[in-house]
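What follows is calculated from the coordinates using simple rules that are stated; it is not laboratory data. What you see is a predicted model; the values in this text were computed from it and never measured. Neighbour counts run over all protein chains shown; Cβ positions are idealised from the backbone, glycine included.
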């Protein structure tokens, strides 16, 4: 997990107004390998083990299967398409991939020199570390300060709450890309204050103007 990312993380229990404090047990090349993220408000603690952060509000049970699947190489066409839809050509900044899109995280991170890609999915616990690539799971919602990310790709199968969360964490002019989007995804995004730019082949793209 990128050390600078920890400054963007918030408590999933207390909400996006409450940042977390890192207690690092092991660091490598400015990345957190093992440690704890603690909330000074509720005193809950969230573990980081082998670079993977578990930011689920208590009670935390064993991880259930996610949507990303196991480690695999992504098709170049998929990566180029997602990068184009997110509309980010260069950094600096941070983007998030939630659910199924997180499977493209390592390959997407390789396109940029100064953009950190953050994947949110339980399956990422067994994925490897890679440059500019951070792995987390969370719930409820995205533990990120509001309006701070350069873009978010979110799996529409996760439902409206996660799509609205993706909209919340996007900065001005940033885009939300909803894959496997249901017919109601456009209305979710509009209600969250975003303008829908495109709807095609089960994908919806919206932006914060």
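Between residue 24 and residue 89, the modelled label-to-label distance comes to 3.4 nm, taking each label 7 Å out from Cα in the direction of the beta carbon.
Rg/Rh for the range 76-207 (Cα atoms only, Rh after Kirkwood) is 0.92. Highest GNM mean-square fluctuation among 89, 45, 153, for the chain modelled with Cα contacts below 10 Å: 89. Applying 1/(1 + (r/R0)^6) with r as the Cβ-Cβ distance of residue 17 and residue 201 and R0 = 30 angstrom yields a FRET efficiency of 0.20. Dividing the helix sum by the residues of the chain, where each DSSP H run of 4 or more adds -39500 (n - 2.57), gives a mean residue ellipticity at 222 nm of -4500 deg cm²/dmol. FRET efficiency for the residue 75 to residue 183 pair, using the beta carbon distance and R₀ = 30 Å, is estimated at 0.70.
With the alpha-carbon atoms of the range 1-85 aligned to their principal axes, the span from lowest to highest coordinate is 44, 30, 25 Å, starting with the largest. Annotation: for a label point projected 7 angstrom from Cα along Cα→Cβ of residue 63, residues of the range 1-23 with backbone N closer than 20 Å are 1-3, 5-6, 9-13, 23. Note the angle between two axes, namely the Cα long axis of helix 160-169 and the longest principal axis of the Cα atoms of the chain, as a number of degrees from 0 to 90, rounded to the nearest 10. Tilt of helix 160-169: around 80 degrees.
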